[in-house]
Amino acid sequence: MGRIASDDSKWFGAGLSREEIHDQKRRALVATASRVFREHGFRETSMDDIARLLNVSKTAIYYYVKNKKELFYLCHSLAFDLGEEALEEAQRLGRTARERLELLIRGYVTRLTSELGGGALITSDSALSAKHLAIIRKRRKEWDRAFRDLVEQGMADGSLRHCDARLIEFFVMGAIRSLHRWYSPTGEKSGEQIADELIAMVFGGIQQR
């Protein structure tokens, strides 16, 4: 297995409480696992592979997750966590719906590329249990609804022209959810550059003139 950038530096917390260290280590584990699953596939990835990248024992990993399937679910879950963080930030900082939508797109893309190296397998859920699949589908539905709500708010406050909010959501989220298929931290474009180009494409078509 080739070298994949990991979050092993985040495994050892300094100056943090025990609970903060636990959360940080679990998030670092999930972020690293997301990269490996995306690069090599669920079946081809072992817990030993992930432990090796984090420079810890496999036993240490089982302190945070029960098995590989739970870890795979947490990769999906973290991708939605990052989206919700971006949404909260956009709602807090944006004055108009147009500003909030731009902040959301930029915040989500940069989080996915910086923390997950391009995103989790949020469109590939074949290895999820029925219980976890139901949770992920519910979160995806809620997320998509929140995105469409921002577009509709922009049409209402005049910052966006009238358009089909569902089509805009399909276009933008389709682009973001495909990042894991082609983005590379060592590629030509940074996460910030990708966000800039996506925003230009979106608002070139729907921004009120």
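The values are calculated or read from the model by the stated rules, or taken from the named source; none is laboratory data. Fair warning: this is a prediction, and the values are worked out from it, not measured in the lab. Note: ideal-geometry Cβ built from the backbone for every residue, glycine included; neighbour counts use all protein chains shown.
Listed values, structure above:
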{"quantity": "Selection count where residues are exposed (fewer than 15 other Cβ atoms within 10 Å of the Cβ) and modelled with pLDDT under 90, scope the range 20-56", "calculated": "7"}
{"quantity": "Qualifying residues in the range 157-182 (those that are aromatic (Phe, Trp, Tyr) and over 25 Å from ARG95 (Cβ atoms)) - the one surrounded by the most Cβ atoms within 10 Å (Cβ to Cβ)", "calculated": "PHE170"}
{"quantity": "Candidates LEU93, LEU78, filtered to the one that is at negative phi and either of a type in the set (D, E, K, R) or touching a residue at least 12 places away in the same chain (Cβ under 8 Å) (or both)", "calculated": "LEU78"}
